[in-house]
Amino acid sequence: QVQLVESGGDLVQAGGSLRLSCAASGNIFSINAMGWYRQAPGKQRELVADITIIGSTNYADSVMGRFTISRDNSKNTVYLQMNSLKPEDTAGYYCWARVVTAQPIGVSVNDYWGQGTQVTVSS
């Protein structure tokens, strides 16, 4: 089993900054990619940013230039630095990881999700 634990969500004023963290633990052989999704009330979950094991990144257009994703492979941890926050960034933020786990024979690749951390940006 693999667990993802997020932290860093908070209430912040527009223009402020937050840093989210997500640590993965458990039966981990390697983590191919990690990322952050968000879901606002009444809306579908959407990709915010993701990062591969070699550091290639991908961002939603709405956060480009304001958010930065990074990861520490030695700690199985991904970070999301969020600057110049806007009220429309308000959402539950969910960590995602594509994890390779060792099996009795071979390996298995599965997606895992964290429980989410709330980010609220006041105007």
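Against the numbered list (1) over 12 Å from the mean Cα position of the chain (by Cα); (2) in a loop (DSSP other than H, G, I, E, B), G9 comes up short only at (1).
Screening N73 on (1) under 23 Å from Q13 (Cβ atoms); (2) touching a residue at least 24 places away in the same chain (Cβ under 8 Å) shows it passes everything except condition (1). Filtering Q1, Q13 for residues that are open to solvent by 60 Å² or more (accessible area, probe 1.4 Å) and under 15 Å from W113 (Cβ atoms) leaves a single hit, Q1. Taking the criterion of being touching a residue at least 12 places away in the same chain (Cβ under 8 Å) and of a type in the set (A, V, I, L, M, F, W, C), the residues of region 79-109 that qualify are L80, M82, L85, A91, C95, W96, A97, V99, V100, A102, V107, V109. The condition of being of a type in the set (K, R), touching a Leu at 6+ places or on another chain (Cβ under 9 Å) and either open to solvent by 10 Å² or more (accessible area, probe 1.4 Å) or free of Cβ contacts under 8 Å to residues at least 24 places away in the same chain (or both) holds for only one of R66, R45, that being R66.
Take the residues of region 76-123 that are β-branched (V, I, T) and open to solvent by 60 Å² or more (accessible area, probe 1.4 Å): which is nearest to A40 (Cα to Cα)? Step by step, filter region 76-123, then rank; the result is V109. Look through region 35-63, keep the residues that are hydroxyl-bearing (S, T, Y) and touching a strand residue (DSSP E or B) at 6+ places or on another chain (Cβ under 8 Å), and return whichever of them is farthest from V119 (Cα to Cα). If we take residues in region 35-63 being hydroxyl-bearing (S, T, Y) and touching a strand residue (DSSP E or B) at 6+ places or on another chain (Cβ under 8 Å), then T52 is farthest from V119 (Cα to Cα). For region 18-32, the set of residues classified as open to solvent by less than 60 Å² (accessible area, probe 1.4 Å) and over 22 Å from V109 (Cα atoms) consists of L18, L20, S21, listed by residue number. Counting only strands (runs of 3 or more DSSP E) wholly contained in region 13-123, the ones carrying 2 or more residues that are at pLDDT 95 or above and over 21 Å from Q1 (Cα atoms) occupy 18-26, 30-39, 46-52, 57-59, 67-72, 77-82, 91-102, 117-122.
The values are calculated or read from the model by the stated rules, or taken from the named source; none is laboratory data. The structure presented is a predicted model; accordingly, all values stated were derived computationally and were not measured. As a convention, Cβ positions derive from the backbone with ideal geometry for all residues, glycine included, and neighbour counts pool all protein chains shown. Quick note on the areas: whole protein, heavy atoms, side chains included, nothing else; ligands and nucleic acids left out. Shrake-Rupley method; radii C 1.70, N 1.55, O 1.52, S 1.80 Å.
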